[in-house]
Amino acid sequence: MSIRVWLADDHAVVRQALRMLLDAEPDITVIGETGDGISTLEQVKKEKPDVAVVDIVMPNYNGIEITRELAASVPEVAVVILSMYKEDRYVLPALRAGAIGYVSKQSANTELLMAIRAAKLGESFLSPSVASTVIAEYIQSEKLSLPSGYAQLTRREQQVFQLIGEGKSSQEIARALDIRTATVGTHKGNLMSKLDIHTTAGLVRYALRHNLVSLDDE
């Protein structure tokens, strides 16, 4: 059974090019196309394609608003955003609205087909250039989620703290990091001062409370 696709882009020339690309594939059928937000919502809700390929910039309703409405009203329709914009202010809101894929128009000829097939299977697909934006945002959010005191530690202090949290002795930490035991003591004193925690047991409790280490199941 072929994948039923709806095309939504406000440029007729773009829709024509996309239709030619998709119609050449034996497992994909374009069942319709629209050039504005209102008609896109009406027709996609009515026809319920497997995948809706939606431009992010559309008159009346933009692609993010379209995606949000479709996700709420016809969640069985997978939305793949096709856009020339790769900045996080476009990518992240589209994904939060419910898009399962985001493809750059610059690489549509090679990546749109993969995105449509992935969407049919319920799998996400991001253009590599878009994925880097998402990864960068994730890394930044992880940094912001760290306890403020922990974020002030140097990389070496974090390593020492990690091993303390795992129950390692100063000698074991020194061997693991290939440093002197006295140096371990210096790092431990510094991180205790920064965290305002003055016992090893307190450090372990802090690490567990903030999910910086986990208890060994063994």
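Rule-based calculations on the coordinates, nothing more; no lab input. As the structure is a prediction and not an experimental result, all values here were calculated from the model. Please note: Cβ atoms are built from the backbone with ideal geometry, for glycine as well, and neighbour counts cover all protein chains shown.
Quick notes on this structure:
- Where only alpha carbons of region 148-209 are counted, the Rg and the Dmax (Å): 10.4, 29
- ³J(HN,Hα) computed for each position of region 172-182 - Karplus, 6.51 cos²θ - 1.76 cosθ + 1.60, integer Hz, glycine/proline x: 5, 5, 4, 5, 5, 9, 6, 10, 6, 4, 5
- When its C-alpha radius of gyration is set against 2.2 N^0.38 Å (N residues), the chain gives a value of 1.49.
- Mean separation of Cα contacts under 8 Å (6+ apart) over length of region 3-130, as relative contact order %: 21
- Each residue of region 47-53 was assigned a 3J(HN,Hα) from its phi angle through the Karplus expression (A = 6.51, B = -1.76, C = 1.60, θ = phi - 60°), giving 8, 6, x, 5, 9, 10, 9 Hz with x at Gly and Pro.
- Unit charges at the beta carbon, dipole of the chain: most positive-side option, Met192, Tyr206, Leu126: Met192
- Given charges at beta-carbon only (K, R positive; D, E negative), |dipole| of region 3-130 in Debye: 140
- Net charge dipole, the chain: roughly 820 debye, given to the nearest 20, about the Cα centre with Cβ charges of +1 for Lys and Arg and -1 for Asp and Glu.
- Region 3-130 - Rg (one decimal) and Dmax (whole number), Cα, Å: 12.6, 35
- Placing unit charges on the Cβ atoms of the charged side chains and taking the dipole of the chain about its Cα centre, the candidate lying farthest along the positive direction among Ala115, Gln171, Asn62 is Gln171.
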